[in-house]
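The values are calculated or read from the model by the stated rules, or taken from the named source; none is laboratory data. Quantities reported herein were computed from a predicted structural model and do not represent experimental measurements. Neighbour counts are summed over all protein chains in view; Cβ atoms, including those assigned to glycine, are modelled from backbone coordinates with ideal geometry. We work out accessible area using only protein heavy atoms, side chains counted, and drop any ligands, DNA or RNA first. Shrake-Rupley method; radii C 1.70, N 1.55, O 1.52, S 1.80 Å.
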Amino acid sequence: MPPSHIAPHLEILPGGGLPVSRRHFLRGAVTLATASLVPPALSRRARAQVRFTGYPFTLGVASGCPLPGSVVLWTRLAPEPLNGGGMEPGRVEVQWEMARDEHFHAVVQQGSVWTSHELGHSVHVEVHGLEPASWYWYRFLVRDDVSPVGRTRTAPAVNARLERFRFAVASCQHFEQGYFSAYRHMAEENVELVIFVGDYIYESSGSENLVRRHAGPEPQTLGEYRNRYAQYRSDPDLQRMHAQVPWLVTWDDHEVDNDYANEQSEHLDPQFLLRRAAAYQAYYEHMPLRHSARPHGPHLRLYERYAFGNLLQVYMLDDRQYRSPQVCPRPGIGGSTLVQSASCAELRDPMRTLLGAAQETWLMEALGASQTRWNVLAQQTLMAQIDWQSGAGQAFWTDAWSGYPAARARLLSFLAQQAPANPLVVGGDVHSNWVCDLKPDFDDPRSPVVATEFCGTSITSSGIPQERLDAARADNPHVKLANSEKRGYVHIDLTPERCDAHLRVLDSVKKRHSTLTTLASFVVENGRPGALPA
Ligand SMILES: [Fe+2]
């Protein structure tokens, strides 16, 4: 039985509205009918071949993958979100409509799609034929129930002159360790996009100082992963931000299992690919991804690139699915550890990869062909080399890029040689804010700065002790800021001339209503890689 305190908060609906009636939904259809655009499907009740009781849009709505004329709309029918969704097996027809205004006076497109238990009754609509760089509002209808209203925005036309673009970078939202109130503040900012870089759910539970509890055990099966996503999506602030702007998403380890690497789980489970397939399927069902991302067994192509006019290109990377296992693990176990560089020769094996050969080639080709002013590499973890051993000798954490130094040197050397314009690396995973200069060789003071990194912090997940970060500063002069004390997100404001990165932090995630401040702001100037204090 799910605990009662995590019942969905239907009273707080994104888009500022209450559930609207079927008659109100159809008013948009009448508008369309006069324009002779209404398909006959909307003139009758949406068809459902399965019975369900209760409001089905408990998980809200979302959009993502914005292109110049296209965006993905998402919802999932889940009248009982923590009980497998509460839909009987079978097919259901869901209607959708999209308008230029939040009251749906000017409906521009509508249609219907079928979903079924095979997709967890999730709905992914790829809408095409839209205007670039435009706001739209959307909603869904099934039976007599109308979803909350979402707002989304298409990308500017390719090569369109874009003077400004603002987006937020978020990661690591352990449900038990805090409320997602960072999103309430993010929704107040005028960002056009959220880039989420991993740990959307956590499979494992915390032990202390928790504000709420996971329902159910650590997920292993598709049903259990569905329930875990549904519980996270019950958070009203997360729902609100999904309904506010489109998201680009990638994952890290906790969407499946801590520290997994490719086909290997932390505990070397021989059945791990079955678990990975279940987790990937649930991930697809809960994210606003294109149909082409629908998984095939334990495989899901997540890496993709998105252009926003002539100003920026975003490369959404996947450094979990194709990576070599973490190097020099503890005996009898997989996963990460801190290794002495001198005692782990395998660390420097040039064959080891973090992105996998195909993705690495794809990334370099895309970067090499890029025409945009900024190039944002959105990925999971900290890219800068972090030596955790004070003084002589070096110790590296094997799960981050520092555990894959040859792969990192390949990428950063490529940036040095090919010089795509203004590379920015954004990441998460480490539950702390890091601002770093990236160099092909971190141990060589003459090695040039080729990119700038903004990593973290977390939406809620607890950080590591600040003393450890402070102790590491002397051995890592390319680090401009390292702070693990606060939770929050990064607001990035791009113009052709500069990137302003604001590290937004909360006073506490242990209460629903937090206060937002800015921990620090940095500037990256066009043509000058490296972060400067603002
Ligand atoms: Fe995390």
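Can you find a residue in segment 451-463 that is in contact (Cβ under 8 Å) with a residue 12 or more places away in the chain, more than 16 Å from the ligand (Cβ to nearest atom) and in a loop (DSSP other than H, G, I, E, B)? The answer is no; no qualifying residue exists. Selection within segment 431-441: residues that are open to solvent by less than 20 Å² (accessible area, probe 1.4 Å) and either more than 26 Å from the chain's Cα centre (by Cα) or of a type outside the set (Phe, Trp, Tyr) (or both). The member of this set that is farthest from the ligand (Cβ to nearest atom) is Asp437. Within segment 179-192, identify whether any single residue is under 23 Å from Ser234 (Cβ atoms), surrounded by fewer than 21 Cβ atoms within 10 Å (Cβ to Cβ), over 22 Å from the mean Cα position of the chain (by Cα) and among the basic types (Lys, Arg), and answer yes or no. Within segment 179-192, none of the residues are under 23 Å from Ser234 (Cβ atoms), surrounded by fewer than 21 Cβ atoms within 10 Å (Cβ to Cβ), over 22 Å from the mean Cα position of the chain (by Cα) and among the basic types (Lys, Arg).
Could you tell me whether Ser181 is more than 15 Å from the ligand (Cβ to nearest atom), touching a Ser or Thr at 6+ places or on another chain (Cβ under 7 Å) and either at pLDDT below 95 or within 23 Å of Gly456 (Cα to Cα) (or both)? Break it down into steps so the answer makes sense when it comes.
Numbers: more than 15 Å from the ligand (Cβ to nearest atom): yes; touching a Ser or Thr at 6+ places or on another chain (Cβ under 7 Å): yes; either at pLDDT below 95 or within 23 Å of Gly456 (Cα to Cα) (or both): yes.
Yes; evaluated as a whole, the condition is true for this residue.
Within segment 103-123, the only residue that satisfies the criterion of being without any contact (Cβ under 8 Å) to a residue 40 or more places away in the chain and assigned to a loop (DSSP other than H, G, I, E, B) is His103.
Against the test of being more than 13 Å from Pro405 (Cβ to Cβ) and assigned to a loop (DSSP other than H, G, I, E, B), the options Gln385, Gln321 yield a single qualifying residue, Gln321. When segment 464-476 is filtered for residues that are farther than 30 Å from Glu203 by Cβ and either open to solvent by less than 50 Å² (accessible area, probe 1.4 Å) or within 16 Å of the ligand (Cβ to nearest atom) (or both), the ones remaining, listed by number, are Asp475, Asn476. Pairing residues of segment 410-431 that are touching a residue at least 12 places away in the same chain (Cβ under 8 Å) with residues that are more than 16 Å from the ligand (Cβ to nearest atom) and of a type in the set (Gly, Ala, Ser), at Cβ distances under 6 Å and at least 6 apart in sequence or on separate chains, gives Leu415/Ala451; Gln418/Gly368; Pro420/Ser370; Pro423/Ala451; Val425/Ala451.
Of the residues making up segment 477-494, those that are open to solvent by 30 Å² or more (accessible area, probe 1.4 Å) and closer than 12 Å to Val191 by Cα number 0.
Figure legend. Inter-residue proximity from segment 357-383: first residues among the aromatic types (Phe, Trp, Tyr), second residues modelled with pLDDT of 95 or more, beta-carbon distance below 6 Å, spacing 6+ or different chains. Indicated pairs: Trp374/Leu312; Trp374/Asn422; Trp374/Leu494. Within segment 415-430, the set of residues being at positive phi and either within 16 Å of the ligand (Cβ to nearest atom) or open to solvent by 40 Å² or more (accessible area, probe 1.4 Å) (or both) comprises Ala419, Asp429. In segment 236-270, the residue that is farthest from Ser147 (Cα to Cα) out of those that are open to solvent by 20 Å² or more (accessible area, probe 1.4 Å) and within 16 Å of the ligand (Cβ to nearest atom) is Glu266. The combined condition, being assigned to a loop (DSSP other than H, G, I, E, B), within 16 Å of the ligand (Cβ to nearest atom) and within 30 Å of Val92 (Cβ to Cβ), is fulfilled by Phe175. If you check Glu126, Glu131, Glu203 for being touching a residue at least 12 places away in the same chain (Cβ under 8 Å), assigned to a loop (DSSP other than H, G, I, E, B) and within 23 Å of Tyr306 (Cβ to Cβ), only one passes: Glu131.
Specify which of the listed residues (Gly69, Gly90) is closer than 20 Å to Phe308 by Cα and more than 21 Å from the chain's Cα centre (by Cα). Going through Gly69, Gly90 in turn, just one is closer than 20 Å to Phe308 by Cα and more than 21 Å from the chain's Cα centre (by Cα): Gly69.
Got at least one residue in segment 90-102 being closer than 30 Å to Val158 by Cα, aromatic (Phe, Trp, Tyr) and outside any strand (DSSP E or B)? No, because not a single residue in segment 90-102 is closer than 30 Å to Val158 by Cα, aromatic (Phe, Trp, Tyr) and outside any strand (DSSP E or B). Restricting to segment 135-155, and then to whatever is open to solvent by 10 Å² or more (accessible area, probe 1.4 Å) and in a loop (DSSP other than H, G, I, E, B), can you tell me which residue is farthest from His286 (Cα to Cα)? Among those residues, the one meeting the criterion is Asp144. Is it the case that Leu481 is assigned to a strand (DSSP E or B) and more than 16 Å from the ligand (Cβ to nearest atom)? Yes: the conditions hold for Leu481. For Met351, only one of the following conditions fails: (1) open to solvent by 60 Å² or more (accessible area, probe 1.4 Å); (2) assigned to a helix (DSSP H, G or I). What is its number? If we test Met351 against (1) open to solvent by 60 Å² or more (accessible area, probe 1.4 Å); (2) assigned to a helix (DSSP H, G or I), just (2) comes out false. Counting the residues of segment 51-66 that are more than 30 Å from Phe308 (Cα to Cα) and open to solvent by less than 10 Å² (accessible area, probe 1.4 Å) gives 3.
Contact annotation: residue pairs with Cβ atoms under 7 Å, 6 or more positions apart or on different chains, pairing a residue in segment 167-181 that is within 25 Å of Phe308 (Cα to Cα) with a partner that is open to solvent by 10 Å² or more (accessible area, probe 1.4 Å) and within 14 Å of the ligand (Cβ to nearest atom), are Ser171/Asp429. Filtered by the rule that a residue be among the acidic types (Asp, Glu) and more than 20 Å from Leu355 (Cβ to Cβ), segment 262-319 gives Glu266, Asp269, Glu285. Here Leu503 qualifies as closer than 26 Å to Tyr315 by Cβ, in contact with a Leu (Cβ under 7 Å, 6 or more places away or on another chain) and assigned to a strand (DSSP E or B).
When Trp397, Trp401 are checked against the criterion of being open to solvent by less than 10 Å² (accessible area, probe 1.4 Å), hydrophobic (A, V, I, L, M, F, W, C) and either more than 16 Å from the ligand (Cβ to nearest atom) or more than 20 Å from Pro496 (Cα to Cα) (or both), Trp401 stands alone in meeting it. There is no residue in segment 101-116 that is aliphatic (A, V, I, L, M), modelled with pLDDT of 95 or more and open to solvent by less than 10 Å² (accessible area, probe 1.4 Å).
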